[in-house]
1. Please list, ordered by chain and number, the residues whose modelled amide H lies under 5 Å from the amide H of residue B:60; skip anything fewer than 5 residues away on the same chain.
2. Assuming a ≥ b ≥ c are the square roots of the Cα gyration tensor eigenvalues, decide whether the range A:1-160 counts as rounded (a/c under 1.5), prolate (otherwise, with a/b larger than b/c) or oblate.
3. Residue-wise, which Karplus ³J(HN,Hα) couplings in Hz belong to the range A:75-82, taking 6.51 cos²θ - 1.76 cosθ + 1.60, θ = phi - 60°, and x for glycine or proline?
4. Of the candidates A:247, A:82, A:100, which one comes out as most mobile in a Gaussian network treatment of chain A with C-alpha springs shorter than 10 Å?
5. Out of A:132, A:157, A:291, any idea which swings most in a Gaussian network model of chain A, alpha carbons joined below 10 Å?
6. Consider a paramagnetic label point 7 Å from the Cα of residue A:78 along Cα→Cβ; state which residues of the range A:118-153 have an amide N under 20 Å from it.
7. Over the Cα atoms of the protein assembly as shown, what Rg and Dmax result, in angstrom?
8. Hey, if you put +1 on the Cβ of every Lys and Arg and -1 on every Asp and Glu Cβ in the range A:168-310, which of A:275, A:260, A:234 ends up farthest toward the positive end of that dipole?
Amino acid sequence: MSPDLERTPRNLLVSERSSFLDQKNRISSQLDQLHFNYKVCVLLPECSSAPSHLDSALNTFSSFYLIRKLPLYELLDTHFLETVRHGGVSGLSYRTRLDEDNCVALMPNGRLSLSLDKDSFELLGVEGKPSRFNHRTKSRFVVCVDLTDSSMAPGGRGYQRLVTGLTSRLPLKTDFLMSLPAGGGASVQALLSRYDWSEHRPEVSSCSLTDLLCPAPLTSDPPAPLTSDPHRLLEWLGAVHAAVSCENSSSSFLSSLVCPEPNKKLSHALRVSVCGLLSHQDVQKLIQEIRVYLSVSPPGSASWASVTLHGFVDSPVSWGGEEHGVLRGGDNFLSLMMFPDQSYLLHLATGAHDTCPP
Amino acid sequence: MSVFMDLNVNYTADKSQLQSLIETAAHLGFSTVAINYVFEPTEIPAPTAISELMDPLPIVQGRSRPIRVLNRLTIVMSDASHFRPTAVEYRRFDLLAVQPTTEKLFHAACMIYDVDIICISVTEKLPFFFKRAPVNGAIERGLVFEVSYSAAIRDSTRRRYTIANAVCLMETCKGKVRPLPVPPLDLRGPYDITNLGLLFGLSDGEAKEAVSSTCRSVVLHAETRKTASGIIYTVKSCSDSPPADCKSRLHPVSQSSGWLMVNE
């Protein structure tokens with residue numbers, strides 16, 4: 001039996017070509033379905049510094065909170081539940097690995113998802129299902145609770161059972177990242193005051209690139225349809241964002257990645273990334289600003305722009321609130337290539353342990 | 001999946017080297033390591049207490065808990081008398097492993113010996129073939145087989161032997177295996193070992209289990225071996241008879257203290 005070494009880990013890639021002007025485009029709902037976003041990377045060709053409106057969009061991402069060692073039963077606190085019921089509160093356990101530890105996610109629609117190992121699940125004593133990604137033995141379980149449901153109102157049966165589980169049977173404590181809707185800070189002050197917390201702004205870093213090799217169809221005017229394999233395009237884009245050389249020189253063994261042929265050299269380009277717990281509204285606003293930037297740029301300068309949105313690798317949920325897992329990698333990301341005529345090319349990607357993107 | 005474990009960190013008398021090994025393992029993402037004392041059967045040493053070795057233990061990278069360190073004993077056996085089940089020295093170790101060098105010893109280790117791990121040396125041509133019966137017997141008892149990957153990293157000739165022997169073992173035991181590294185430079189991260197496992201014929205899921213769930217079951221097996229000694233269960237012979245008529249049966253499980261009582 002010889003192992004099939006050429007087979008790479010399974011991944012799913014959904015590609016879609018449409019236009020922002022098309023009434024039926026699903027871009028907005030597709031963006032909303034990736035709940036927990038860790039990083040947004042922007043690549044602008046023929047640009048050495050971001051124009052002011054784009055710069056302000058990049059630097060005005062909403063802040064988020066990091067609460068250290070938050071006991072999970074606090075998420076069922078009466079006042080906090082009121083805030084959750086109004087919608088827009090999202091949170092994720094921090095520094096917990098999805099394939100090793102217990103992970104928690106609170107979605108903006110009020111659904112709480114706990115991804116637990118076998119011992120923790122058996123201790124907690126709340127109804128749950130085995131993970132879809134268990135191999136032979138059931139070693140991981142998922143507990144999903146809708147905090148807006150009537151049975152989860154304080155005093156309800158489901159509520160009591162979960163609170164008892166989290167306080168006496170399985171007193172889980174984890175570092176927790178939380179993002180609130182605008183003006184929501186006041187409502188959680190009581191919760192925050194009980195623990196060690198800090199407020200953070202997403203970190204922005206930008207880099208001006210020179211002599212960047214880029215696939216030629218993108219740079220033609222108007223941009224020609226990309227005939228190369230989407231995997232190769234995304235590989236190139238990933239290499240640019242990760243600052244990996246695409247020269248494939250014979251003296252270096254680190255990278256054999258190359259830009260898809262035919263390619264052309266760009267004199268300069270701007271690469272910007274924003275890291276943190278990012279909200280949908282900020283990402284949508286950024287995409288809007290880039291659309292405006294493309295439409296007002298003189299012809300021949302900016303012929304395309306790319307935005308890549310990465311989901312958290314260790315989030316228990318990814319596309320559409322479906323279960324997410326980590327086998328050898330937990331990628332779940334979205335790559336949007338925009339053009340001046342308001343058309344776009346969208347790629348939605350996941351790793352082995354994930355559902356198909358929408 | 002459970003946390004990543006590396007159950008073979010070779011013991012060295014050099015305390016600072018051992019500390020740096022444990023730090024490297026924590027940095028690579030292992031949540032549990034076992035310091036392996038490999039000895040010829042004549043003199044079994046006492047393991048160093050973990051608190052003396054390193055205090056505080058380093059935090060595992062990406063998590064907020066310190067690494068857990070266990071002690072393990074590996075006995076290289078060339079004769080049946082080398083393994084003494086009632087030896088007091090064995091109790092000081094958390095995990096017990098044997099490395100059989102003949103077919104008869106391999107058979108005995110799989111079917112009879114009260115150990116947790118059977119080490120298979122894969123760097124040279126083995127003097128025996130793996131038979132399905134003892135391998136299945138070992139798996140049913142909760143034992144696991146251990147394969148070293150460090151030679152595969154270093155040397156191309158030994159890599160061929162490693163892969164050939166490991167594939168042969170995998171075919172027989174259908175994946176109930178865990179890989180182990182040996183010296184310090186050969187420690188690799190858990191995802192790298194998962195990739196190596198693919199070379200040995202394991203599937204994606206099996207290779208990952210080899211570094212996580214299988215190791216967890218070995219550690220639990222060791223804990224049970226050390227704590228449970230036997231089961232007594234009582235059977236009522238007839239409904240009205242006094243307790244004196246109740247039969248009881250004794251089932252020895254392993255050698256330590258404590259008995260488990262079960263009433264039927």
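Please treat every number below as a calculation from the coordinates, not as lab data. If you're wondering where the values come from, they're calculated on a predicted model, not measured in any experiment. Neighbour counts are summed over all protein chains in view; Cβ atoms, including those assigned to glycine, are modelled from backbone coordinates with ideal geometry.
1. B:65, B:67
2. oblate
3. Rounded to whole hertz, the list is 5, 9, 4, 4, 5, 5, 4, 4.
4. A:247
5. A:157
6. A:147-153, by backbone N distance to the label point.
7. Both quantities, over Cα of the protein assembly as shown: 28.8, 102 Å.
8. The one lying farthest along the dipole's positive direction is A:275.
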